[in-house]
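In what follows, a structure is listed as structure tokens, so that the remarks can point back to it.
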Amino acid sequence: MTTSRWAVLLCKFKGDDSEPLPRARYEELFTGPGLGRWNMPDFFCAVSHGQLELAMDVHGWMELAQKQSEYVGSGANPQGRLDLITWAREAAAGAGIDLSPYANLVVVTNAPSDLFGGGSGVVCYDDGRNLAMSGLAPGLLGQEIGHGFGLAHSRLDGTTDDYTDPFDVMSTARARMADNPFWTTRTVRGDAVYPIGPGLNAGNMTIAGWVDQSRVRRITSGHAVDTVVELRPLHRHDLPGFLMIDYRGLLVEFRHNSDWDAGIGAPAVLVHRIEDGITYLVKDQNGQTAGVPGSTWGPQISSITVESIDAANLSARVRLKSINFVPDIPEFEPSLADLMEQQPHEISVAAALARVGEELRFSSPTELGM
């Protein structure tokens, strides 16, 4: 297990002495007292197959040297966002807090500020008014802390729009979150203030290096295949069996509508691909993203098909099939006869042998004199 230490800095804007929540709530959300209560260390343990310990220490309250009105950061003004993190670091230094042991930090302000995350830090707030979803919702913080680990927003295949994978916490703007079983506060409209989930998709877990590779069924060769793999829910490392399939670069996962994924609606098999550090949710042949029994991805010569889903027993059966896998070839590839007509010193032995294999592979028994 890898331990990543983070500091949580509770910061008051200058002239505002309010404390929206009791300190115990921050301890529950970020540290040991909240383990088992859907807090952030719980989340990252689940989505890392138990390979990441997010060790967080809460410091503060401490007062910033700046007023709330001085904060001008936004997505369009990233420097302003960095300034707020710098203010918090300066306040921590003034309070005698050594931040050098920490890999990153979370800045929690006592009044409305922002919600973002990255390599320089995470910023969030809860003003205690319960008018909308809180910036302390685990479903939102999962994305922002994920950014702190270098993860990007996830997408639907065929688009470059962010926030388009509803099964992934890195798409929180459209993610299928669930009610928090522990922090049950609701807004005046009845919406959850502190929703949880969903978990990370298999692609982002792969990018972060959090997949238990011993639990991956991997098929990367070009040989024909016809096999059925039984999958367990992606984040249920406690259950025996495969948790993911790597089928020639397509990542297949089973998600069950429980725990961090309680809000996804129904059990489903998903397929993702990774390109340039971004995950893409792939649609099946019917244009659907949530695979159910009968769902198929890919042409008939190479396909992924959901055979069955057993929700009660937390498993799904997926068939992987290809009758031939033809590698990419150049626009012009000489035949064996063409190669043999060349001068001896021009003949590539490797090319000739490779071509022999290809002609034997694709010739009929009659053509081979059999």
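Which is at pLDDT 95 or above, among the β-branched types (Val, Ile, Thr) and surrounded by fewer than 18 Cβ atoms within 10 Å (Cβ to Cβ), of Val252, Val271, Val282, Val228?
Val228
Within the range 122-144, can you find the residues that are of a type outside the set (Asp, Glu) and more than 19 Å from the chain's Cα centre (by Cα)? Even if it seems obvious, please write down each step before you answer.
Filtering the range 122-144 down to residues of a type outside the set (Asp, Glu) leaves 122-125, 128-143.
Matches in the range 122-144: Val123, Cys124, Tyr125, Gly128, Arg129, Asn130, Leu131, Ala132, Met133, Ser134, Gly135, Leu136.
With under 23 Å from Val107 (Cβ atoms) and either modelled with pLDDT under 95 or outside the structural domain of Gly298 (by TED's automatic domain parsing) (or both) as the only criterion, which of Ile207, Ile145 stands out? Steps first, answer last, please.
On the way: Ile207 fails: under 23 Å from Val107 (Cβ atoms).
Ile145 is the lone residue from the list that is under 23 Å from Val107 (Cβ atoms) and either modelled with pLDDT under 95 or outside the structural domain of Gly298 (by TED's automatic domain parsing) (or both).
Evaluate the range 177-200: report whether one residue or more is assigned to a helix (DSSP H, G or I), buried (at least 24 other Cβ atoms within 10 Å of the Cβ) and at negative phi. Show your work before the answer.
So in the range 177-200, the residues assigned to a helix (DSSP H, G or I) come out as none.
Within the range 177-200, none of the residues are assigned to a helix (DSSP H, G or I), buried (at least 24 other Cβ atoms within 10 Å of the Cβ) and at negative phi.
Do we have any residue at all in the range 194-204 that's among the polar types (S, T, N, Q), out of contact with any Phe, Trp or Tyr (no Cβ under 9 Å at 6 or more places or on another chain) and closer than 25 Å to Asp157 by Cβ?
no
Filter the range 292-332 for residues that are of a type in the set (D, E, K, R), out of contact with any strand residue (DSSP E or B) (no Cβ under 6 Å at 6 or more places or on another chain) and either at pLDDT 95 or above or surrounded by 12 or more Cβ atoms within 10 Å (Cβ to Cβ) (or both) and give the result.
Matches in the range 292-332: Asp310 only.
Residues are listed down the side, and each one gets a yes or a no for (1) without any contact (Cβ under 8 Å) to a residue 40 or more places away in the chain; (2) part of a helix (DSSP H, G or I); (3) exposed (fewer than 14 other Cβ atoms within 10 Å of the Cβ):
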residue	(1), (2), (3)
Phe43	no, yes, no
Glu53	no, no, no
Leu84	yes, yes, no
Trp87	no, yes, no
Gly96	yes, no, yes
Val108	no, no, no
Pro112	no, no, no
Gly117	yes, no, no
Asn130	no, no, no
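Considering each of Gly128, Gly117, Gly80, Gly94 in turn, give the residue that is within 21 Å of Tyr194 (Cα to Cα), modelled with pLDDT of 95 or more and assigned by TED's automatic domain parsing to the domain that holds Gln68.
So the residue among Gly128, Gly117, Gly80, Gly94 that is within 21 Å of Tyr194 (Cα to Cα), modelled with pLDDT of 95 or more and assigned by TED's automatic domain parsing to the domain that holds Gln68 is Gly117.
Of all residues in the range 134-169, which are assigned to a loop (DSSP other than H, G, I, E, B), aliphatic (A, V, I, L, M) and buried (at least 19 other Cβ atoms within 10 Å of the Cβ)?
Leu136, Ala137, Leu151
Just the residues that are over 20 Å from Ala312 (Cβ atoms) and aromatic (Phe, Trp, Tyr), please, taken from the range 235-291.
Tyr247, Tyr280
Among (1) assigned to a loop (DSSP other than H, G, I, E, B); (2) buried (at least 22 other Cβ atoms within 10 Å of the Cβ); (3) of a type outside the set (D, E, K, R), which single condition is Trp210 missing?
Here Trp210 meets the rest and fails (2).
Could you identify the single residue in Ala88, Ala55, Ala46 that is among the small types (Gly, Ala, Ser) and within 14 Å of Val107 (Cα to Cα)?
One residue alone meets the criteria, Ala88.
Would you confirm whether or not the range 63-73 contains a residue that is buried (at least 17 other Cβ atoms within 10 Å of the Cβ) and part of a strand (DSSP E or B)?
Yes.
The values are calculated or read from the model by the stated rules, or taken from the named source; none is laboratory data. Everything numeric here is computed off the predicted structure, so don't read it as measured data. Here Cβ is always computed from backbone atoms with ideal geometry, including for glycine, and neighbour counts include all displayed protein chains.
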